[in-house]
Amino acid sequence: MKRVKDLQKWIDGYNEVQTLADELSLAFDFYKEELVSEADVDDAYLKTMEAVEALEFRNMLRDEADQMDCVLKINSGAGGTESQDWASMLMRMYLRYAETHGYKATIANLQEGDEAGIKTCTINIEGDFAYGYLKGENGVHRLVRVSPYNAQGKRMTSFASVFVTPLVDDSIEVNIEPARVSWDTFRSGGAGGQNVNKVESGVRLRYQYKDPYTGEEEEILIENTETRDQPKNRENAMRQLRSILYDKELQHRMAEQAKVEAGKKKIEWGSQIRSYVFDDRRVKDHRTNYQTSDVNGVMDGKIDGFIKAYLMEFSSQES
């Protein structure tokens, strides 16, 4: 049914473009006969081009994982309160983006900052092509501003990292070895009534991961305090683990592809990808050179321009 639904969207998109193209052709004929104005023809042209570009843009999202939901994790960098405040601003930006696009955003884990902001947070974002649109947000985001937390009013630079992985469902086969899984429980902190402080509903999952290709071992740590129901939190944590393991396999395939296609531009995960300079009213993406002066709009979730520029440049190179 998912496959049928996806194909139907392509058919609907094609039919819309075809209809608008026919209307544009008709409008041009009417213009030659002086039945409509030049402005009417221009309007028909703009509508047709918007539909074509939207379909072309969607064609950039053709990888298997693109249509999945995603897990977006934000970690504050070194710099104490300023970086933690920056991480909370990014969290709000992505929550506003999700709200604007009709995505369901759920905070799976949140650790408050010492004085303000957050140390880390994990957001599950569910909706059509959520991972496809947000995968380009992977990397380090840099903030430059006059810090309200600095008594001298100096300009400061802060960093926060964003990690985006596809949120896989049960239909994706991921091998999890039960013997490598261990659990801890803890009390969820924060507001929420007496139950929060008395019941150990928070869960901490530890998975001893062994890379099947290199043999290297690492511990994957996942905390979930999403609900007051411990079994539900365990289920959510396991779902995140499946997502992480799926992403590791995905990264391996990408790395193998990169070796074969060494001539193509490669995006390094964890590199500085975007700068937000508040004083100069400028936000610039260092990969695509796309920039805007609408800093307030960007921080309010208007990041579609950056997403489109990334997909148009890098998805076309991967085809």
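FYI, it's all coordinate maths here, none of it is from the lab. Note that the structure is predicted; figures quoted are calculated from it, not measured. When we count neighbours, we look across all protein chains shown, and the Cβ atoms used for this are built from the backbone with ideal geometry, even at glycine.
With a cap of 15 neighbouring Cβ atoms within 10 Å, and only residues DSSP puts in a loop, list the trypsin sites (Lys or Arg not before Pro) found in segment 195-250.
Here the sparse-neighbourhood loop sites are Arg228.
Counting only other residues whose beta carbon sits under 13 Å from that of Gly117, what net charge do I get with K and R as +1, D and E as -1? Don't skip to the end; give the middle numbers.
Numbers: positive: Arg92, Lys119; negative: Glu82, Asp85, Glu112, Asp114, Glu115.
Computed value for this residue: -3.
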Segment 2-51 - Debye-derived log10 I(q)/I(0), Cα point model, q = 0.16 Å⁻¹: -0.50
Residue-averaged [θ]222 nm for the chain, counting only DSSP H segments that reach four residues, each worth -39500 (n - 2.57): -13000 deg cm²/dmol
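So for Trp183, Trp86, fewest C-beta neighbours within 10 Å to most, what's the order? Each step should come with its number before you reach the end.
Working: Trp183 11, Trp86 27.
Taking fewest neighbouring Cβ atoms as first place, the list is Trp183, Trp86.
Ratio to report: Rg/Rh of the chain, with Cα atoms as the point set and Rh obtained by the Kirkwood method; give two decimals.
Numbers: Rg = 23.0 Å, Rh = 22.3 Å.
Ratio of gyration radius to Kirkwood radius for the chain: 1.03.
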